[in-house]
There are 2 protein chains.
Amino acid sequence: MDIPALREKHPDHWMKAAAIRMLAVDAVQAANSGHPGMPMGMADVATVLFEKHLKFDPSRPDWPDRDRFVLSAGHGSMLIYALLHLTGYEDMTIEEIKNFRQWGAKTAGHPEYGHAQGIETTTGPLGQGISTAVGMATAEEMLRARFGKKVQDHYTYVIAGDGCLMEGISHEAIGFAGKQKLSKLIVLWDNNSISIDGEVTLSDITDQRKRFQAAGWQVLACDGHDPDDIDRVLTEAKKSKKPTMIDCKTHIGFGSSKQDTAKAHGSPLGEDEIVKLRKIYDWPHPAFTIPNEIASQWKAIGERGAEDRKAWEGRFADLSDQRQKEFNRVFNLEPSKKLSARIKALKKQISEEAPKVATRKSSEMVLEVVNPIMPENIGGSADLTGSNNTLTADLGIFDVKNRKGRYVHYGIREHGMAAIMNGLVLHGGIRPYGGTFMAFVDYARGAMRLSSLMGIPVTYVMTHDSIGLGEDGPTHQPVEHLAICRATPNSYTFRPCDTIETAEAWEIALTSQKTPSVLALSRQGLPTLRTEHRNSNLVTKGAYVLAEAEGKRQAVLIATGSEVEIAMKARDILQEAGIGTRVVSMPCMELFAEQDDAYRRKILPPGPVRVAVEAALRDGGWDRWLLGERGSEKKAGFVGMEGFGASAPAPTLYEEFGITPEAVAGKVRDLIG
Amino acid sequence: MDIPALREKHPDHWMKAAAIRMLAVDAVQAANSGHPGMPMGMADVATVLFEKHLKFDPSRPDWPDRDRFVLSAGHGSMLIYALLHLTGYEDMTIEEIKNFRQWGAKTAGHPEYGHAQGIETTTGPLGQGISTAVGMATAEEMLRARFGKKVQDHYTYVIAGDGCLMEGISHEAIGFAGKQKLSKLIVLWDNNSISIDGEVTLSDITDQRKRFQAAGWQVLACDGHDPDDIDRVLTEAKKSKKPTMIDCKTHIGFGSSKQDTAKAHGSPLGEDEIVKLRKIYDWPHPAFTIPNEIASQWKAIGERGAEDRKAWEGRFADLSDQRQKEFNRVFNLEPSKKLSARIKALKKQISEEAPKVATRKSSEMVLEVVNPIMPENIGGSADLTGSNNTLTADLGIFDVKNRKGRYVHYGIREHGMAAIMNGLVLHGGIRPYGGTFMAFVDYARGAMRLSSLMGIPVTYVMTHDSIGLGEDGPTHQPVEHLAICRATPNSYTFRPCDTIETAEAWEIALTSQKTPSVLALSRQGLPTLRTEHRNSNLVTKGAYVLAEAEGKRQAVLIATGSEVEIAMKARDILQEAGIGTRVVSMPCMELFAEQDDAYRRKILPPGPVRVAVEAALRDGGWDRWLLGERGSEKKAGFVGMEGFGASAPAPTLYEEFGITPEAVAGKVRDLIG
């Protein structure tokens, strides 16, 4: 259907969609930056979705049973900003639209979670939105099973472009959704045949319909500009027993002279073009002006959901007080009140028994204690369950037949797992953790960064965290990954030295509301070093004195994780030689950096030589603690890795790479001179 | 077919395959570590491939026209080690097999490129092998077009497991191969239905055959234990006009009591089990012992290719001397002899004209000059051609219809692009570069790390390298990515400040033989700061004095890339106030770190205050240059980012985040006190 025919056949629809289109076009023009083509192409689909299908209430943006809408093609951000404005989200004023892409505006270049109501997740890096939405749809299944259909029963809609579908992460997420039969997930593919470089066929000839079918999806198709066809296909999709992909054939930059070309994608159309477009669209109104009639139609759409929401509130009120409280607790990311006591009890027991176990095993011991009291904990692994020690006795496997299962077999999909976990948190009601090998931070980075940027408490259980994994060799041995994680803003990287520190790190992760946590855990067995029980959580300080110098304090050894044991042995050697040596355990650099100057000075006093020990590169933030904090180059040393690892048994590797108590003691002696 | 039937029907084949199986089983047992199940399952396929199809000559492992064989399921490393040993690769002795996974052995836990002959690429991180092989097959197409079928005409074979196919990168690579109709690429899927956590169906129900067909592949299938069926299907695959995926139905841990279970995957079978297996296999020989008869059959297979190779040498000799030299030059990664002169001429011209351009544009100016003289340069971008400025006038687009095209539209596939570029280099004859936004280092990391680990000269053209990209916002603004790249061993991260430095960085990248290069390039325009022509390449030193202090040297400003301009303006302010200020441009920290102490001291003399300026996090290696190198905490400052960026025009962001000449000058004044 061409525009005149569309306008004639569906005049009301046309004007509503035109309002979206013109807001997008005008905002991009005003900003002199942005992506008009996609909102112009998908305005019809979005209009029908919001008008007739999406369950939402702008007056209660956080209503837990709302449908989730994810704009995976995040560059088309003006589409969602226009929709939020038109349907009456309070904070999305016309001023915000006018300030598109300006400092301080809620209308960032790409939709940013937390900037404005109604933005369910940050998108822009392609493929993240669709994968995060898979997590949201998974959360809905889990919570429906847990709390019942009366309070949790909604759809998750995604608008995805060719870029999203070309990215590898989409393969991982689509495969997961197909296996899990996430029937309430509906992906609207903006099939406009154009990417930035030109025709999609320049780089891809994939039959997307067949591809989704191969992954276990239902596939439907529609004319993405025909409201009747869009409505028909959405109605059909909602009945599916599988996730549904809808192939929406659209025209990028619909109606403009740049229609169906890459030129419509990522730059303002230009004033002349916009003048023409107003005629083509039959939209004579000035920029940022929506005529009352159209505005009130959109407002009515925004008000449509209030009834549903009120009915839901009634059903929610029917839950027992306890169920209501529990529902609210998990949606508010409040940890169990029993958590602290459980952690303390475990620490007490461990400090007495002093087992020698790998910290990945320590992590399992903690999870065995906390998972039963925190039903919102959802575990999982990217096909390394036995290695990551992420499965505890009571969880059960999440599956089509067991939606109450709390353990997720994510498959060999690290990136997908991370994005799905983002979706689980963002949906609300879930606190996820997932495991893989530390080296595969590389695979998961795209989504891990978004956990940090969005400020959401995903826990990454990263085992096999150094050359200590041994024979698997350099591909599997992280050396720069602590540096990567520590350099990422708004996240905490924990590298505990024993079970006690692991329990303390987990306690922080499980109480976090605004930050993701990375737990770097050993493959190899480690002794319990904290054998004196302390109720307080020492990891919250980031670093603390594990063993004080005897006699005159001449050296301070700083270590993390599996190398704290080495530092303690080095201390024995040095003390034996009459060199008073303090050992500082530093399980979390970021937390230590947040302590006040007095505390940091207490732990790292000026004067003694400082040697840090970590089976990783010095780049992981060490210079600050060695050279800074009143340290000095002449009195500082580092024992660790200088490059990639190698394949051999772990003890051999520690010897060969010179990460030994003797090497540490030798370094101290050299520095003392 | 069960084992007795197989043994009876194909006795010779059985024994050859059993030799592989037992070497794998015995080596894993001796190492008490490793993965026996996959070699046991794929031994039949590998035997038929090496016996009847693979074109190779162990006496000339680097023969440029050999077929490439990639073990994408790298955990099954004993499969390739056994094959290399049995077919007579000189360095793969039985001692190496006995030392599987031990320090210094060529038989690392996963196959490591460069450790032993016949290992075409490092594998282990799943999905990398198949994606790298796509690059090799692409290289073959390119070189066949360039040098002719007589000297370049071979297949690329891959063994891939379920893990490889579940990883997102496989989607990117498969899509690329399908679009490019890489008909000489043959992937053998080890379809054993098992992953580490158990049945593949725990996490995936993808119809892999349909999926590959959707991506434009031919799909065939065989019984992975029936040599006739395997031979038939390989013969068929070689005739295809599309890439071929062969679904090889196999049994992991074939013949053992752990067959068809995850228990066969990743740990030794145990002595008792091996005793039983020797009977089942009819293999009474002691561990690591191959009977002469079987050894000589395998040796004959290894010798089979010598004739082909000699014939190839004859055809190669028929090329003109000039063609031979050129072929050898590009396979030896020697840069054009004209390169140095071209770079110097460009530098001279630029220093005179002093244009103000973004360094991404500078990069294009360099490429316009060097691409015509280095036909081995193959450019590309992950669908950001116009933004990365990677396409030059003479390249032409590589496509099914234009195999001589030298520009690759990789599609929205950063990870796949990086792996494909690895494959292009590893194949030989190609020097690739590829572009995306710097923030998408996150997506490409898995393969970028392998460029470093393997030591191969891939060039990553990473534009939009800071908040300077402006409105696209924090998802697209790298802040920790310089830290990530600099922390990666064996790679160089260049952040040039103008066109001159960009030319010098490119010269280093284009002459590199053992290291990948990351070029971090600005979106925003930058002035030419090097207006005095110097023939020598100053970037090779990593850092140098761009502007000396006038009067007493009280401050040294250190900056990279787009912030060198800011440092220069700060210098103006400070000199105006009588504070003698040196500006050091530091385009490559890693190279500066490699300079001798005297040079480093010359550039960063003790005494003056030091302030570094970089629109990124201090974690990117700055503490060493500020606090170390005879610096001091009290006299050091950093002006840069402290967290994620924001969406706004670039000049606003620089103001709001306080990265301005005034802020730098203020910091110096504070430190001088």
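The values are calculated or read from the model by the stated rules, or taken from the named source; none is laboratory data. All figures in this text were calculated on a predicted structure; none of them were measured in a lab. Cβ atoms come from the backbone with ideal geometry, glycine included; neighbour counts cover every protein chain shown.
Quick rundown of the values:
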| quantity | calculated |
| --- | --- |
| Any hit, region A:371-381, residues being surrounded by 22 or more Cβ atoms within 10 Å (Cβ to Cβ), within 14 Å of chain B (Cβ to nearest Cβ) and more than 18 Å from A:A505 (Cα to Cα) | yes |
| Within region B:337-390, tally of residues that are in contact with a strand residue (DSSP E or B) (Cβ under 9 Å, 6 or more places away or on another chain) and either without any contact (Cβ under 8 Å) to a residue 12 or more places away in the chain or over 20 Å from B:P527 (Cα atoms) (or both) | 14 |
| Set B:R323, B:R309: member being touching a residue at least 24 places away in the same chain (Cβ under 8 Å), closer than 30 Å to B:E504 by Cα, part of a helix (DSSP H, G or I) and not aliphatic (A, V, I, L, M) | B:R323 |
| Some residue of region A:36-48 being surrounded by fewer than 24 Cβ atoms within 10 Å (Cβ to Cβ) and assigned by TED's automatic domain parsing to the domain that holds A:P268 | no |
| Qualifying residue in region B:276-284 (condition: in a helix (DSSP H, G or I), under 24 Å from B:V28 (Cα atoms) and touching a Ser or Thr at 6+ places or on another chain (Cβ under 6 Å)) | yes |
| Matching residues, region A:34-92, being in contact with a Phe, Trp or Tyr (Cβ under 8 Å, 6 or more places away or on another chain) and aromatic (F, W, Y) | A:F50, A:F56, A:W63, A:F69, A:Y81 |
| Residue check for B:A505: touching a His at 6+ places or on another chain (Cβ under 7 Å), farther than 25 Å from A:Y113 by Cα and in a helix (DSSP H, G or I) | no |
| Within region B:172-198, considering residues that are free of Cβ contacts under 8 Å to residues at least 60 places away in the same chain and either in a loop (DSSP other than H, G, I, E, B) or of a type outside the set (A, V, I, L, M) (or both), the one farthest from the other protein chains (Cβ to nearest Cβ) | B:K184 |
| A:S131 being within 18 Å of A:G446 (Cα to Cα) and either hydroxyl-bearing (S, T, Y) or assigned by TED's automatic domain parsing to the domain that holds A:R445 (or both) | yes |
| Restricting region A:84-120 to residues that are part of a helix (DSSP H, G or I) and not β-branched (V, I, T), the residue that is nearest to A:R68 (Cα to Cα) | A:L84 |
| Scope region A:46-84; condition among the β-branched types (V, I, T) and closer than 20 Å to A:R21 by Cβ; matching residues | A:T47, A:V48, A:I80 |
| Whichever residue in region A:655-673 is under 26 Å from A:I484 (Cα atoms) and crowded, with 22+ Cβ neighbours inside 10 Å and, among such residues, is farthest from the other protein chains (Cβ to nearest Cβ) | A:V664 |
| Residue check, B:A636 within 12 Å of chain A (Cβ to nearest Cβ), closer than 24 Å to B:P496 by Cβ, without any contact (Cβ under 8 Å) to a residue 60 or more places away in the chain and not basic (K, R) | no |
| Where A:G266 falls short, out of the listed (1) modelled with pLDDT of 95 or more; (2) closer than 29 Å to B:E471 by Cα; (3) in contact with a His (Cβ under 9 Å, 6 or more places away or on another chain) | (1) |
| Some residue of region A:192-209 being farther than 30 Å from B:G396 by Cα and in the same structural domain as A:D44 (by TED's automatic domain parsing) | yes |
| So B:A358, is it of a type outside the set (V, I, T) and either touching a Lys or Arg at 6+ places or on another chain (Cβ under 8 Å) or within 14 Å of chain A (Cβ to nearest Cβ) (or both) | yes |
| When residues of region B:65-106 are limited to those that are among the acidic types (D, E) and within 18 Å of B:A133 (Cβ to Cβ), the one nearest to the other protein chains (Cβ to nearest Cβ) | B:D67 |
| Selected residue (only one of B:R21, B:R60 is of a type in the set (K, R), assigned to a helix (DSSP H, G or I), out of contact with any His (no Cβ under 8 Å at 6 or more places or on another chain) and at pLDDT 95 or above) | B:R21 |
| Qualifying positions in region A:213-243 - touching a residue at least 60 places away in the same chain (Cβ under 8 Å) and within 30 Å of the chain's Cα centre (by Cα) | A:L234, A:K238, A:K241, A:K242, A:P243 |
| Matching residues, region B:121-166, being part of a loop (DSSP other than H, G, I, E, B) and either over 15 Å from the mean Cα position of the chain (by Cα) or surrounded by fewer than 24 Cβ atoms within 10 Å (Cβ to Cβ) (or both) | B:G148, B:K149, B:K150, B:V151, B:Q152, B:D153, B:H154, B:Y155, B:G161 |
| Test: residue in region B:107-121 that is farther than 25 Å from B:L424 by Cβ, within 14 Å of chain A (Cβ to nearest Cβ) and touching a residue at least 40 places away in the same chain (Cβ under 8 Å) | yes |
| Lone qualifier among B:D597, B:D619 - being free of Cβ contacts under 8 Å to residues at least 40 places away in the same chain, within 33 Å of the chain's Cα centre (by Cα) and within 14 Å of another protein chain (Cβ to nearest Cβ) | B:D597 |
| Answer from B:L202, B:L185 - the residue that is modelled with pLDDT of 95 or more and under 27 Å from the mean Cα position of the chain (by Cα) | B:L185 |
